[in-house]
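Quick one: the structure is below, and I'll ask about it shortly.
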Amino acid sequence: MEARYSIQQDEDDEAQSTPTPSSSQHVFTPPRWLFAVLLLSTFSLAIALIVVATKSPSRNASANIASLSLSEQLLLRMDNASVLTNPGFIRLGLSSLQARQDWVLPLDWGGSDPDAWTADTLFARAASAELNRVWALPDVVDAIIAAPTSLQDSLYHPYGDGQSNARMSFGSSWMVRSPPLVATLIKFGHSGMACYFRFAAALLGSQQQVQVRAPRLNRSFMLNAQRVPGSNDLLAVMDKVDDGLGWAVLGHTQLVFVRPFPDFDDWFPVFFRQPVQSSAAMIADISPAASRSFPDAKPVLDSEGIKASAAQQGVTPFQALMSHSFARPRWNTAVRLIARVLPATHRHRFFLTLFCTRHTRHIHTHTTYTNTCIQPYQPDPVHGTYGENGPVTAVGQGWTWVALPSSAGSGGDAPFKVLYTCFQQRQPGKEAVHGVVSGGGWHRIGDPAETIFNSLESAPLVVGTGFQNAAKEFSQEAPGALAHGLADVVTVRWLAPGEALVTRRPDFHWFFFQSSSNVCTEEWVHPCVPAGDQPLFQC
């Protein structure tokens, strides 16, 4: 029979009533086979949804991303801050170590007021975005960020040693809230190296290419470029880096000079030098071999066993250091020496209390032992002012324990100057006050060489290096005038656990810390100056 439904269509009533069969009409009854079909369809749909849900989104996303060109992958990630700080996004294509939150940098260094940001902060923000972006690509094993700049030495030595506070500048005529150029080198596990250059839109006219000049190779070549949506920056990708540039070696010295093309006369210097070596290789290269340890046979690296102690106690390296009993005269005799050389107005920056007393009660004999422990001296900030009373360049205090060699007249017995140094956790509130980063400010190395070791932490650290008049330092000549007078180059990279960054005189280095807990490192100030491409302990 025909099923008839009574449907009210009253124009004054916006709602359609529920159809109701009249008492004189039969209600339609669907056949049983229709129920079976509906049930089977619902079951099939549920199975499909379960399959989709259980598939790995990272794997699918990585496969889709890997099918794109490098330019397409980069543009996919450009100018999306919410994506660039999402650990799930960073996780694409990475190993379990690299997938952790430790490898994701914030993008809000220096607070929210662009007018307060220093050049250091502009670079930290740009470098953080690029590191996040690159480490999200599949098969990445290393990445280095570089920028042309001007490094300014204040000639102020806050600790009475060879290190003097410094800062970055992009030139007095550059008023834009981003660096003029940020370059990125990417090392892949299975496909060599690539790099890309991102020029700020404020530099540009209608250029759609980038010219690259490699003086040592006596080559020039063109890269096609495209505009980044939103910012209108110019992005040029070198899909395959020429092996002749030597950039596979972290301590390489070969520069290139780049510029937008055509109608742009001046050049920007770029290389990606970061003289990094494994901690084990640094130790093995020390000569004479006797200098690899203290006279009592304790190793020169982590002589107090802090890393093992922290693991055994289930505490952080900072907590282990603060509770550790350091022996005299080996440790922190330097505090008295520093107090002598510091200007009287700056001695308040250090806690010069040399001793503290700890009482330990033996659980079996119930005997109380009184031991002497060494207090760290605590600079605040760490290399964080430009000049003695100049502008703030970084915020956050430090904690340092120093062992000096006998040649320093301190009564110490270290083979050379050895330090445990901890840095305060990130301080966003203080950053916002001064428009700067948390960490240790730029400083120039005036001693023969200084090496920072990531030997205590299980997470990577961001480290920066700087080279003043880089082309001249490494005996290369620019093909023309340098844009905005920027002759210096700075580089930033994640320093992995077990690695060491060597900075030789007269170069610069820098640290900024995103961690929510205090971070500890070791430093050597050593008399041997690394030479050439290899950053080892060469004299």
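Bear in mind that the values in this text are calculations on the coordinates, not laboratory data. Bear in mind that the values here come from a model prediction, so they are computed numbers and not experimental data. Glycine gets a Cβ as well: all are built from the backbone with ideal geometry, and neighbour counts include every protein chain shown.
Mind checking the full-extension length gain between GLN226 and LYS298? Use 0.36 nm per residue of separation minus the Cα-Cα distance, one decimal, nm.
Extra length available between GLN226 and LYS298 comes to 20.3 nm.
While we're here: Taking the highest mean first, how do the peptides 118-129, 249-260 order by number of other beta carbon atoms within 10 angstrom per residue?
118-129, 249-260
In nm, to one decimal, how far is the SER173 label point from the GLN312 one, both placed 7 Å along Cα→Cβ?
6.2
Go through 315-325, 201-211 and give me the packing order, highest mean Cβ count within 10 Å leading.
315-325, 201-211
Modelled label-to-label distance, ASP285 and LEU68, 7 Å Cα→beta-carbon offset: nm?
Between ASP285 and LEU68, the label points sit 3.9 nm apart.
ASP115 label point, 7 Å along Cα→Cβ, cut-off 18 Å on backbone N: hits in the range 159-190?
Correct set: 174-178.
Could you work out how far apart the two model spin labels at LEU155 and ASP266 are, taking each label as a point 7 Å from the Cα in the direction of the beta carbon, and quote it in nm?
The two pseudo-label positions are separated by 2.5 nm.
Shifting gears a bit: Tell me, what is the FRET efficiency for GLN425 and ALA248 to the nearest 0.05, using R0 = 51 angstrom and their Cβ-Cβ distance as r? Don't skip to the end; give the middle numbers.
Details: r = 35 Å, r/R0 = 0.69.
That gives a FRET efficiency of 0.90.
Label 7 Å along Cα→Cβ of HIS190; the range 102-146 residues with amide nitrogen under 20 Å?
134-143
Moving on to the next point. Classify the range 368-481 as rounded, prolate or oblate, taking a ≥ b ≥ c as the square roots of the eigenvalues of its Cα gyration tensor: rounded when a/c is under 1.5, otherwise prolate if a/b is larger than b/c and oblate if not.
Oblate.
Which of LYS187/LYS307; LYS298/LYS472; LYS187/LYS430; LYS187/LYS298 have a Cα-Cα distance over 32 Å?
Where the Cα-Cα span goes over 32 Å, the pairs concerned are LYS298/LYS472; LYS187/LYS430; LYS187/LYS298.
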